[in-house]
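Computed from the coordinates by the stated procedures, all read-outs in this text should not be read as laboratory data. Note that the structure is predicted; figures quoted are calculated from it, not measured. Quick reminder, even Gly has a Cβ in these numbers, built from the backbone with ideal geometry, and neighbours come from all protein chains shown.
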Amino acid sequence: MRTFDLAPLYRSAIGFDRLANLLESQRTEAQPSYPPYNIELVSEDKYRIVMALAGFDRSEVDIITERDSLHISGRKQKEDTQRTYLHRGIAARDFEQRFQLANHVKVTTASFDNGMLTIELVREVPEALKPRRIVIDGGENVQALEQRQAA
């Protein structure tokens, strides 16, 4: 039996309800294996998803980003001619693939070339959320640091 009790997390951590819910949903949902894809770390704050979509046209693929989710779907158009295959090794079925994005990760570009869909992502943390040093017993210095951050 593979069940985990996440209640101890709630006692010592604040604001990690989303993380626990994500872990719970990942455990219950079966991860689709089609179409095959790679996730690359290009640099410290840049990522790339490369998905193999043999037989698909760019008009048959939709990419939707919403808050912390990236949804990629493909709907194969019905062919007018009936074909008889002796062997069919190229899958031409519809698909849906969802990726959970971390905070502040945005999709910058998407391209489709030679049956490969490439999606570029970047993590852009706002200046207001970056760490800052607070001087102890220096109330005026704290304001100066905040003003410098805002400028």
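Derived scalar couplings between HN and Hα for region 87-95 equal 8, 10, x, 9, 5, 10, 9, 5, 8 Hz in order, rounded to whole Hz, by the Karplus curve 6.51 cos²θ - 1.76 cosθ + 1.60 (θ = phi - 60°), x for Gly and Pro. For region 74-86, backbone phi angles converted through the Karplus equation (6.51, -1.76, 1.60; θ = phi - 60°) give residue-by-residue couplings of x, 10, 6, 6, 6, 7, 6, 9, 8, 10, 10, 9, 7 Hz, Gly and Pro being listed as x. Ordering 126-137, 43-54 by mean Cβ neighbour count within 10 Å, with the highest value first, yields 43-54, 126-137. Descending by average beta-carbon neighbour count within 10 Å, the peptides 93-100, 77-84 line up as 93-100, 77-84, the highest first.
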